[in-house]
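Enquirer: The structure under discussion is supplied below as structure tokens; questions concerning it will follow.
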Amino acid sequence: GNKGRRRANFSTFQKKMSKNFKFAGIQLSVTADKKANIEKATKKIAEAASNGANVVALPECFNCPYGTKYFPQYGEEIPGPSFLALQQAAKDNKVYVIGGSFPEKDGDKIYNTSVSFGPDGTLLGKHRKVHLFDIHVPGKITFKESDSLSAGDTITVYDTEFCKIGIGICYDIRFPELAMLMQKKGCKFLCYPGAFNMTTGPAHWELLQRARALDNQVYVATVSPARDTASDYIAWGHSTVVNPWGEIIAKSEHTETIVYADIDLSRLDEIRDQIPVLKQKRNDVYSLEYTSSKK
């Protein structure tokens with residue numbers, strides 16, 4: 001009778017409720033003091049949570065300066081101090097934490113790794129940067145992550161009460177295949193902690209995010225460290241959130257700040273209904289597959 005109908009209404013209300021969440025991207029100012037970086041990160045997670053964020057993300061390399069010479073010296077095994085601090089912050093603030101990235105030591109290898117935790121402190125995903133940043137733009141920038149880092153070879157996707165979330169790190173965003181595979185696995189929100197630089201930042205940072213969002217009809221969030229002009233590697237900053245229509249819905253400048261965005265998943269569903277490209281893929285003409293599991 002009436003009670004049953006009320007219950008049905010409540011469950012559709014709950015469904016509607018879980019269509020929205022508040023995202024916070026922490027554009028952290030990172031120093032050479034690892035302990036201070038970790039402490040500041042946990043403080044900022046608490047601040048974001050107190051402002052109503054449900055999912056909070058840190059930047060790439062949040063616990064140390066970005067550079068191949070720093071990775072071995074700041075790297076830690078999992079679970080180490082950075083991992084445990086993030087896990088505790090997720091639990092204390094009852095939020096999802098996307099732990100930017102930090103150098104992870106495993107045997108004689110070092111990975112650029114992002115760990116994600118649920119509001120109860122459960123480890124949800126561990127993404128090791130799949131595409132290493134080895135570039136050479138004459139007269140502008142040369143960087144070789146592979147001098148000290150090894151590449152991961154798995155795609156990182158996990159469930160939350162809101163939607164499936166997919167994780168990439170920085171240079172990973174340049175590869176549409178990775179984003180397409182995450183979308184294929186059901187992701188509606190992709191987060192890329194990243195530190196683009198003063199050459200590639202102004203040229204491609206925003207364009208890549210809008211492209212990935214549009215290709216896959218997903219929300220895309222990027223989280224950069226704040227810019228420090230005195231460091232060896234100068235980050236572009238400009239942490240951003242893009243909606244599935246390709247519009248920028250939140251964006252920072254280059255100083256330390258927290259970027260907030262309301263993620264409206266019913267808007268995503270509307271967009272996918274209006275322009276149903278995901279249902280119109282011609283799998284009889286082309287296909288994309290995840291081959292890592294076949295190794």
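The values are calculated or read from the model by the stated rules, or taken from the named source; none is laboratory data. No experiment lies behind these values; they were computed from the predicted model shown. Neighbour counts run over all protein chains shown; Cβ positions are idealised from the backbone, glycine included. Calculation scope for accessible area: heavy atoms of the full protein, side chains included, ligands and nucleic acids excluded. Shrake-Rupley method; radii C 1.70, N 1.55, O 1.52, S 1.80 Å.
Enquirer: Does at least one position in segment 137-147 carry a residue that is farther than 19 Å from residue 184 by Cα, open to solvent by 10 Å² or more (accessible area, probe 1.4 Å), small (Gly, Ala, Ser) and in a loop (DSSP other than H, G, I, E, B)? Working first, answer last.
Expert: Start the filter on segment 137-147 by keeping residues that are farther than 19 Å from residue 184 by Cα, which leaves 137-147.
Cutting the leftovers down to open to solvent by 10 Å² or more (accessible area, probe 1.4 Å) gives us 137-144, 146-147.
Those left that are additionally small (Gly, Ala, Ser): 139, 146.
From what's left, in a loop (DSSP other than H, G, I, E, B): 139.
Looking for residues that are farther than 19 Å from residue 184 by Cα, open to solvent by 10 Å² or more (accessible area, probe 1.4 Å), small (Gly, Ala, Ser) and in a loop (DSSP other than H, G, I, E, B), one finds at least one in segment 137-147, hence yes.
Enquirer: Being in contact with a helix residue (DSSP H, G or I) (Cβ under 7 Å, 6 or more places away or on another chain) and not hydrophobic (A, V, I, L, M, F, W, C) is true for just one of 188, 144, 164, 184. Which residue is that?
Expert: It is 188.
Enquirer: Could you grab me the full set of residues in segment 152-173 that are surrounded by fewer than 24 Cβ atoms within 10 Å (Cβ to Cβ) and in a loop (DSSP other than H, G, I, E, B)?
Expert: 152, 153, 154, 155, 160, 161, 162, 163
Enquirer: Quick check on my filter: what residues within segment 240-266 are outside any loop (DSSP other than H, G, I, E, B), among the polar types (S, T, N, Q) and open to solvent by less than 20 Å² (accessible area, probe 1.4 Å)?
Expert: If the condition is that a residue be outside any loop (DSSP other than H, G, I, E, B), among the polar types (S, T, N, Q) and open to solvent by less than 20 Å² (accessible area, probe 1.4 Å), then 240 is the only one that fits.
Enquirer: Can you report the number of residues in segment 60-119 which are among the charged types (D, E, K, R) and without any contact (Cβ under 8 Å) to a residue 24 or more places away in the chain? Step through it out loud before you land on a result.
Expert: Here is the first cut: in segment 60-119, the residues among the charged types (D, E, K, R) are 60, 69, 76-77, 91-92, 94, 104-106, 108-109.
Next, from what is left, pick out any that are without any contact (Cβ under 8 Å) to a residue 24 or more places away in the chain: 108.
Final tally of qualifying residues: 1.
Enquirer: Can I ask one more? Could you grab me the full set of residues in segment 66-115 that are within 16 Å of residue 34 (Cα to Cα), open to solvent by 20 Å² or more (accessible area, probe 1.4 Å) and part of a strand (DSSP E or B)?
Expert: Hit for segment 66-115 is 105, nothing else.
Enquirer: Going through segment 215-239 one residue at a time, which ones are farther than 16 Å from residue 21 by Cβ, assigned to a strand (DSSP E or B) and either touching a helix residue (DSSP H, G or I) at 6+ places or on another chain (Cβ under 6 Å) or at pLDDT below 95 (or both)?
Expert: 222, the sole residue that qualifies.
Enquirer: Tell me, which residue of segment 267-295 that is loosely packed, with under 11 Cβ neighbours inside 10 Å and part of a helix (DSSP H, G or I) is nearest to the chain's Cα centre (by Cα)?
Expert: Across segment 267-295, the extreme among qualifying residues is 293.
Enquirer: While we're looking at this one, here's another question. Given the options 93, 112, name the one that is over 22 Å from residue 50 (Cα atoms) and not acidic (Asp, Glu).
Expert: Numbers: 93 fails: over 22 Å from residue 50 (Cα atoms).
Of 93, 112, the one residue that is over 22 Å from residue 50 (Cα atoms) and not acidic (Asp, Glu) is 112.
Enquirer: Going through segment 142-184 one residue at a time, which ones are of a type in the set (Phe, Trp, Tyr) and in contact with a strand residue (DSSP E or B) (Cβ under 9 Å, 6 or more places away or on another chain)? I'd like the intermediate steps shown before the answer.
Expert: The first filter runs over segment 142-184 and keeps only residues of a type in the set (Phe, Trp, Tyr), leaving 143, 158, 162, 171, 175.
Result: 143, 158, 162, 171.
Enquirer: Also, I was wondering about something else. In segment 156-178, which residues are within 15 Å of residue 100 (Cβ to Cβ) and not hydrophobic (A, V, I, L, M, F, W, C)?
Expert: Residues of segment 156-178 that are within 15 Å of residue 100 (Cβ to Cβ), as a first pass: 156, 165, 167-173.
The answer is 156, 168, 171, 172.
Enquirer: Which pairs do you get when a residue that is more than 14 Å from residue 153 (Cα to Cα), found in segment 166-178, comes within reach of a residue that is in a helix (DSSP H, G or I) and open to solvent by 10 Å² or more (accessible area, probe 1.4 Å), reach meaning Cβ atoms under 8 angstrom, with the pair 6+ apart or on two chains?
Expert: 166/183; 173/208; 173/212; 174/204; 174/208; 176/211; 176/212; 176/215
Enquirer: Hey, can you tell me all the residues within segment 181-197 that are on the phi < 0 side of the Ramachandran plot and surrounded by fewer than 19 Cβ atoms within 10 Å (Cβ to Cβ)? Before the answer, list the steps.
Expert: Kept after step one, since they are on the phi < 0 side of the Ramachandran plot, are these residues of segment 181-197: 181-185, 187-197.
Selection gives 184, 185.
Enquirer: If you don't mind, there's one more thing I want to ask. So in segment 199-217, with the set limited to residues that are closer than 15 Å to residue 135 by Cα and in contact with a strand residue (DSSP E or B) (Cβ under 8 Å, 6 or more places away or on another chain), which one is most open to solvent (accessible area, probe 1.4 Å)?
Expert: 199
Enquirer: Is it the case that some residue within segment 117-124 is surrounded by 24 or more Cβ atoms within 10 Å (Cβ to Cβ) and at pLDDT 95 or above?
Expert: Within segment 117-124 (the criterion being surrounded by 24 or more Cβ atoms within 10 Å (Cβ to Cβ) and at pLDDT 95 or above), the answer is no, since none of the residues qualifies.
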